[in-house]
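Peer 1: Let me begin by handing over the structure; questions about it come next.
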Amino acid sequence: MVVVSARDTRWWWIALAVVGLATGLTLVGWSANPLLRVAGGLLAMCAGFVQQHATRRATEQRQRDREALIGIVVANSIDAIMTVDSHGAVASFNPAAERMFGWPSAEIIGQSVNRLFASEPVGEEPERARGGHPATRASPVGKGTREVLAERRGGAPFPIYLACTESQMHGQGFVTAIARDLTQYRQNAEALQRANALLQTKVVESEERNRVIALLGQMSGLLQAAVNSADAYASIGDFARQLFPHDAGALCTMEPARNSVEVVASWGEPSTLSVFAPEECWALRSGRVHVASGHDTGALCPHLSSSAAAGHACMPLTAQGESLGLVTFRWHPEDGAAKDPAGAVFRVKLAAAFAEQVGLALTNLHLKQMLRVQAIHDPLTGLHNRRFLEEAFHRELLRAARRKSPVGVLMLDLDHFKEFTDAHGHAAGDSLLRAFAVQLRSDIRAEDIACRYGGEEFAVLLPDATLGQALTRAEQIREGVRKIVVDFQGKRLAGVTVSIGVAGLPEHGLSPDALLRAADAALYVAKAEGRDRTTLAVQILKSAAVAPPTVSAPDRRRLRPKVGS
């Protein structure tokens, strides 16, 4: 768009008037008067001059408009724009350059451009060093694009990206430089780098967390399937080595007497004593996790050696308020993660989760063992019960069949037990049964199996015992029972006797039922003949006074003579 001033408008009207007058005169007397022809020519020349002047003025206005537009762009640019003359002096300095470098244009124009740079530009070699335009050789900014370490007013350096081009005006060379502050870009790049590193760390932590969760799940499954403490301890040690490959530790359990703690599984090179008192562990004394790091040996538990000073933790194992033991951990001194606070926190959390899983597993195993003991033991006497007898009988007969070895069977019944309880009470009867069980265990071998068959009746399996050996063992038991003295409520109750029936494999049968029936029938004869005696089953079969057993044991008890219990 061309802007025309009032003066230019006046010239346009004058030119139009002259051209109109010349045109009229020319039309009236072009051919009649030679002078008019000369005047017309002059008028035409004047009109051409006016038109040429107007065109030139319009061109100059458009040039001014373009220069004003360029000035607006330069003034509002977010990048610093400056020009440097052939002497290295700043010739122009836009507002963005003032903000970037901190210099007002009035103070920097005419000054050396070196004041804007902290060091020699880096990157592409400046064109001035290789020759070229004089302005480029004289300018410290050179030519091309590269990163430069600039300097703010006051001396603070900062990086910029510099793009320089060389130009000429009025025979003079100069360089136009456009600079962009890279501080924010560098900060963004560093932040992005940190974010990427953090993301990688999170990915690694997530993978490690998934691995740990999977291992803890596998360990929990195996511990749930463990049938005894040895299997559980072995599994705990194996999984601890996978969960803590760079660390050491130990699983310690409390003894039943609760006066000592013993190491039952370990990994790495643990620094704890194999056996120590519960008072020597801060975790057991306080009932809380005890963690010590650094070289503060005063925080170490007494059961740990000084090698654990680099970092250790004791995790108590409890179930329903009862202490089961503890798990100890020792961080490896050469492991860098052990010195990292975040790594130490992760270790403690993992160790706590591991200890919790171990505590739950040991509790469940303890409960299973208790249930198994209760299922196969008599709660009053501590002897095996009838259910266990049935299982053990089948097992021993199978073993005897493989080895072709004998098995002895004893059926025992306390004499006059009903009269004893009627005279002294059921509590005294219970005391008598417990004393009898203690005496019975002392009179048999470790491999023999003693069971409470029911009431005051007991059974004993004698593996690898002939019929003669079984009879000898029965006589030893009978003589031992006579020595029993029960201290009950300040009274000494003595004079207890027992009747015993003896049977054996293979003389009296090949099945548990046949052997038990034979031994029970022999016991029936012993009771009928006066009690306090041992009777062989073979004597029953040869005796005409007693028929072979054809009725069940409960029926036989109901039909026994009423001369006593």
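Computed from the coordinates by the stated procedures, all read-outs in this text should not be read as laboratory data. Since this is a predicted model, take the numbers as computed values, not measurements. Ideal geometry is used to build each Cβ from the backbone, glycine not excepted, and the neighbour counts take in all protein chains shown.
Peer 1: At a Förster radius of 51 Å, what calculated FRET efficiency corresponds to the Cβ-Cβ distance of Arg288 and Thr145, to the nearest 0.05? Intermediate results must be reported in sequence, preceding the final value.
Peer 2: On the way: r = 65 Å, r/R0 = 1.27.
For R0 = 51 Å, the calculated efficiency reads 0.20.
Peer 1: Out of the trypsin sites (Lys or Arg not before Pro) in the stretch 386-436, which ones are loop residues according to DSSP with at most 15 other C-beta atoms within 10 Å? Could you put the intermediate results ahead of the total?
Peer 2: Details: sites: Arg386, Arg387, Arg395, Arg399, Arg402, Arg403, Lys404, Lys418, Arg434; in loops: Lys404.
When the trypsin sites (Lys or Arg not before Pro) of the stretch 386-436 are filtered for loop state and at most 15 Cβ neighbours within 10 Å, Lys404 remain.
Peer 1: Using modelled amide H (1.01 Å from N, peptide plane; none on Pro or chain starts), what sits under 5 Å from the amide H of Gln111, excluding residues fewer than 5 places away?
Peer 2: The list, which skips near neighbours in sequence, is Val90.
Peer 1: Determine, for each peptide in 442-450, 504-512, the mean count of other beta carbons within 10 angstrom over its residues, then list the peptides with the highest first. Don't jump to the answer; show the numbers that get you there.
Peer 2: Details: 442-450: 14.6, 504-512: 18.6.
My ranking of the peptides, most packed first, is 504-512, 442-450.
Peer 1: Let me ask something else. Would you pull out the residues with amide H under 5 Å of Asp532's amide H, same chain only if 5 or more places away, H placed 1.01 Å from N?
Peer 2: Answer set, sorted by chain and number: Val498, Ser499.
Peer 1: Hey, what do the phi angles of the stretch 254-269 turn into as Karplus ³J(HN,Hα) couplings, whole Hz, using 6.51/-1.76/1.60 and θ = phi - 60°, x for Gly and Pro?
Peer 2: 7, 5, x, 6, 6, 10, 7, 10, 10, 6, 10, 7, 8, 8, x, 10
Peer 1: Which of the three applies to the stretch 201-371, rounded, prolate or oblate, going by the alpha-carbon gyration tensor with a ≥ b ≥ c and a/c under 1.5 meaning rounded?
Peer 2: On the way: a/c = 1.94, a/b = 1.13, b/c = 1.71.
Because a/c hits 1.5 or more and a/b fails to exceed b/c, the stretch 201-371 counts as oblate.
Peer 1: Still on this structure, please answer the following. Cβ under 12 Å from Gln218's Cβ, Gln218 left aside: what net charge do those residues give with Lys, Arg +1 and Asp, Glu -1? Walk me through the numbers on the way to the answer.
Peer 2: Working: positive: Arg211; negative: Asp238.
Summing Lys/Arg as +1 and Asp/Glu as -1 gives 0.
Peer 1: Quick one: if you stick a label point 7 Å off each Cα along the C-beta vector at Arg153 and Asp65, how many nm between them?
Peer 2: Placing both labels 7 Å along Cα→Cβ, they lie 3.7 nm apart.
Peer 1: How much length, in nm to one decimal, is gained on full extension between Gln476 and Ile376, taken as 0.36 nm per residue of separation minus their Cα-Cα distance? Numbers along the way, then the final one.
Peer 2: Values: separation 100, 0.36 × 100 = 36.00 nm, distance 2.61 nm.
Taking Gln476 through Ile376 to full extension adds about 33.4 nm, to one decimal.
Peer 1: Still on this structure: Assuming 0.36 nm per residue, please report the length gained on full extension of the stretch Arg57 to Thr363 beyond their Cα-Cα distance.
Peer 2: Additional length available on full extension: 99.8 nm.
Peer 1: Now for a different question. For labels at Lys202 and Phe346 in the simple 7 Å Cα→Cβ model, what's the distance in nm?
Peer 2: 1.4
Peer 1: What list do you get for Glu457, Glu279 if you sort them by fewest beta carbons within 10 Å?
Peer 2: Details: Glu457 19, Glu279 12.
Ascending number of Cβ neighbours within 10 Å: Glu279, Glu457.
Peer 1: Name the residues of the stretch 482-497 whose amide N is less than 13 Å from a point 7 angstrom out from the Cα of Ala423 along the C-beta direction?
Peer 2: Counting only backbone N, you get 486, 492-497.
Peer 1: While we're on this one: If you take the beta carbon distance between Val485 and Ala528 as r and set R0 to 22 Å, what does 1/(1 + (r/R0)^6) give as a FRET efficiency, to the nearest 0.05?
Peer 2: Details: r = 28 Å, r/R0 = 1.27.
After rounding to 0.05, the efficiency reads 0.20.
Peer 1: Which whole-Hz couplings ³J(HN,Hα) result when phi for each residue of the stretch 423-434 is put into the Karplus expression 6.51 cos²θ - 1.76 cosθ + 1.60, θ = phi - 60°, listed in order with x for Gly and Pro?
Peer 2: After applying 6.51 cos²θ - 1.76 cosθ + 1.60, I find 7, 10, x, 5, 5, 5, x, 5, 4, 5, 5, 5 Hz.
Peer 1: Shifting gears a bit: Could you work out the relative contact order of the stretch 139-246, using alpha carbon pairs under 8 angstrom and six or more residues apart, expressed as a whole percent? Can you show the working numbers first?
Peer 2: On the way: 90 pairs, mean separation 16.0, N = 108.
Taking the mean separation of contacting Cα pairs over the length of the stretch 139-246, I get 15 percent.
Peer 1: Okay, next question. So how do Val409, Val525 line up by other beta-carbon neighbours within 10 Å, fewest first?
Peer 2: On the way: Val409 29, Val525 19.
Lowest to highest Cβ neighbour count: Val525, Val409.
Peer 1: Something else now. Let's test the formula: R0 of 30 Å, r as the Cβ-Cβ distance of Tyr161 and Asn76. What FRET efficiency results, to the nearest 0.05? Before the final figure, lay out each step's value.
Peer 2: Working: r = 20 Å, r/R0 = 0.65.
It comes out at approximately 0.95.
Peer 1: Right, next: Give me a comma-separated list of calculated 3J(HN,Hα) values for the stretch 143-155, in order, Karplus coefficients 6.51, -1.76, 1.60 applied at θ = phi - 60°, integers in Hz, x for any Gly or Pro.
Peer 2: Running phi through 6.51 cos²θ - 1.76 cosθ + 1.60 with θ = phi - 60° gives 9, x, 10, 5, 8, 9, 8, 8, 9, 7, 5, x, x Hz.
Peer 1: Return Tyr185, Tyr161 ranked ascending by Cβ neighbour count within 10 Å, so the fewest neighbours appear first.
Peer 2: Listing Tyr185, Tyr161 from fewest to most nearby Cβ atoms yields Tyr185, Tyr161.
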